[in-house]
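Engineer: Shown below is the structure under consideration.
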Amino acid sequence: MDLTVSLGTLRLANPLIAASGCFGYGVEYAGAIDLASLGGVAVKGLFLAEREGHPPPRIVETPSGMLNAIGLQGIGVHRFIAEKLPELRRLGAVVFVNICGTTLDEYVELARILSDAEGVAALELNISCPNIKEGGITFGCSLTGTHSVVSAVRKVTRLPVIPKLTPNVTDVASFARAAEEAGADAVSLVNTFLAMAIDVETRRPRLSNIVGGLSGPAIRPIAVRMVYECRQAVRLPIIGMGGIATANDVLEFLIAGASAVQVGTANFVDPLLWGKLIDGLTGYLTRHGIERISDLTGTLDTTKREHAWISS
Ligand SMILES: Cc1cc2nc3c(=O)[nH]c(=O)nc-3n(C[C@H](O)[C@H](O)[C@H](O)COP(=O)(O)O)c2cc1C
């Protein structure tokens, strides 16, 4: 049975990647999980400089999901390269570095720096974080902004460039198209949905930032629909995510058109879910007599259903 998948020139052992912001810098999990057994690890979003993020409260549980407004707290790219990357390399992790900028130049600078660092497999451009006001999502919510970030980064790196799309737009497929035209190697989607929760007793927002990003199973059907729409619009490989917690959830994204998936919020519920996902996927392939998991991508059957009650 073949679980390997390809994202352009990048070959992964299986389609399961840890999602950015939900798996630290990967090394924190090394005592519990063999990082080399994952398809990849997308590390917490990095700016050039260290950032403190928003003050607490910055996480709230919601029905079938969670709301976060971390505000991209992070150690900055230089400390990441010095303190985390050597260990990730030693552990055999396929590292997707999620990069964030407030300006186009910052994305370019980050891409340059990371292209010279040994052990980076791909750059995931975070142009979709709903929790910061400056930069980031401003690019991701504008077609020209998306195009200009991707093409500027494309010019300075040979690493695979994977813009991460926001679901907070009307027509996500047009953003996938803009990314493709600008030279992206793949797209990943979705980031979190802009949302808020209120404590009615105090009439205060539950997050210090007032609004935050919704993730977890609550968003999955919308994310699956968006992956399906992007599959119709572009030829690029798609990395799908949003609420994946079981092998069946992974399969939904693959059948909708994703070549690989990321798992985020579910890590907070069960950090050891990876083995169960792999077992569920291999069980499915065996039951359906499918040799290669990559053969499932985009195999949604949209032929009209027979309505037994109409013909009888
Ligand atoms: C606490 C938290 C922090 C996140 N931080 C990042 C980040 O730094 N960069 C990024 O691109 N996405 C970030 N995300 C978004 C996730 O990577 C993912 O796109 C989203 O949560 C949907 O997947 P899920 O439902 O499996 O969590 C974060 C999500 C959560 C819940």
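The values are calculated or read from the model by the stated rules, or taken from the named source; none is laboratory data. Quick caveat: nothing in here was measured; it's all calculated off a predicted structure. Reconstructed Cβ throughout: ideal geometry from the backbone, glycine too, with neighbour counts over all protein chains shown. Accessible surface areas use protein heavy atoms only, side chains included; no ligands, DNA or RNA. Shrake-Rupley method; radii C 1.70, N 1.55, O 1.52, S 1.80 Å.
Engineer: Report the residue, chosen from 240, 212, 289, that carries the largest GNM mean-square fluctuation when the chain is represented by alpha-carbon nodes joined by springs under 10 Å.
Structural biologist: 289
Engineer: Can you give me the accessible area per residue for the stretch 53-197, using a 1.4 Å probe, in Å²?
Structural biologist: Per-residue value: 39 Å².
Engineer: Please identify every one of the GluC sites (Glu not before Pro) in the stretch 98-127 that sits in a loop by DSSP and has no more than 13 other beta carbons within 10 Å of its own beta carbon.
Structural biologist: Taking the stretch 98-127 and a limit of 13 other Cβ atoms within 10 Å, the loop GluC sites (Glu not before Pro) found are 118.
Engineer: GluC sites (Glu not before Pro) within the stretch 4-54: which are DSSP loop residues with at most 10 other Cβ atoms inside 10 Å?
Structural biologist: 52
Engineer: State the answer as a single residue: which of 123, 91, 102 lies farthest towards the positive end of the charge dipole of the stretch 68-128, with beta carbon charges of +1 for Lys and Arg and -1 for Asp and Glu, about the Cα centre.
Structural biologist: Comparing the listed Cα positions along the dipole, 91 ranks first.
Engineer: Give me the percent relative contact order of the stretch 123-195, please, defined on Cα pairs under 8 angstrom at least 6 residues apart.
Structural biologist: In percent, rounded to a whole number, it is 36.
Engineer: About its Cα centre, how strong a charge dipole does the stretch 73-116 have in debye, to the nearest 20, once Lys and Arg get +1 and Asp and Glu get -1 at the Cβ?
Structural biologist: 240
Engineer: Continuing with this model, one more query. Beyond 17 Å, what share of the Cα-Cα pairs of the stretch 164-256 is found? Please give it as a whole percent.
Structural biologist: Pairs farther apart than 17 Å: 53 percent.
Engineer: Take the Cα coordinates of the stretch 40-153, assign each an equal point scatterer, and use the Debye formula without solvent to give log10 I(q)/I(0) at q = 0.18, 0.21, 0.22 Å⁻¹.
Structural biologist: Result of the Debye calculation: -0.94, -1.16, -1.22.
Engineer: Sticking with this structure for a sec: As a test of the formula, what do you get for the chain when each DSSP H run with n ≥ 4 contributes -39,500 (n - 2.57) and the sum is divided by the residue count, at 222 nm and rounded to the nearest 500 deg cm²/dmol?
Structural biologist: When only DSSP H runs of four or more count, the value is -9000 deg cm²/dmol.
Engineer: Please give the peptides 178-191, 292-305 ranked by average Cβ packing (other Cβ atoms within 10 Å per residue), highest first, as a rough proxy for protection.
Structural biologist: For the peptides 178-191, 292-305, the packing ranking is 178-191, 292-305.
Engineer: Here is a follow-up. Need one number: nm distance between label points at residue 144 and residue 2, each 7 Å from Cα along Cα→Cβ, rounded to one decimal.
Structural biologist: The two pseudo-label positions are separated by 4.5 nm.
Engineer: Quote the charge dipole size of the chain about the Cα centre in Debye, to the nearest 20; the model charges only the Cβ of Lys and Arg (+1) and of Asp and Glu (-1).
Structural biologist: I would put it at about 260 debye.
Engineer: If you filter the stretch 218-312 for GluC sites (Glu not before Pro), then keep DSSP loop positions with at most 11 other Cβ within 10 Å, what is left?
Structural biologist: Those satisfying the criteria are 291, 306.
Engineer: Using a Gaussian network model on the chain with a 10 Å cutoff between Cα atoms, which of 276, 84, 44 fluctuates the most?
Structural biologist: 276
Engineer: Would you mind working out the accessible area per residue for the stretch 210-260, using a 1.4 Å probe, and quoting it in Å²?
Structural biologist: 33
Engineer: Let me ask something additional. Under a no-solvent Debye model with one identical scatterer per Cα of the chain, what's log10 I(q)/I(0) at q = 0.08, 0.10, 0.11 Å⁻¹?
Structural biologist: -0.33, -0.52, -0.63
Engineer: How large is ³J(HN,Hα) for each residue in the stretch 276-283, as worked out from phi by the Karplus curve 6.51 cos²θ - 1.76 cosθ + 1.60 (θ = phi - 60°), to whole Hz, x for Gly and Pro?
Structural biologist: These are the phi-based 3J(HN,Hα) values: 5, 5, 4, 4, x, 5, 5, x Hz.
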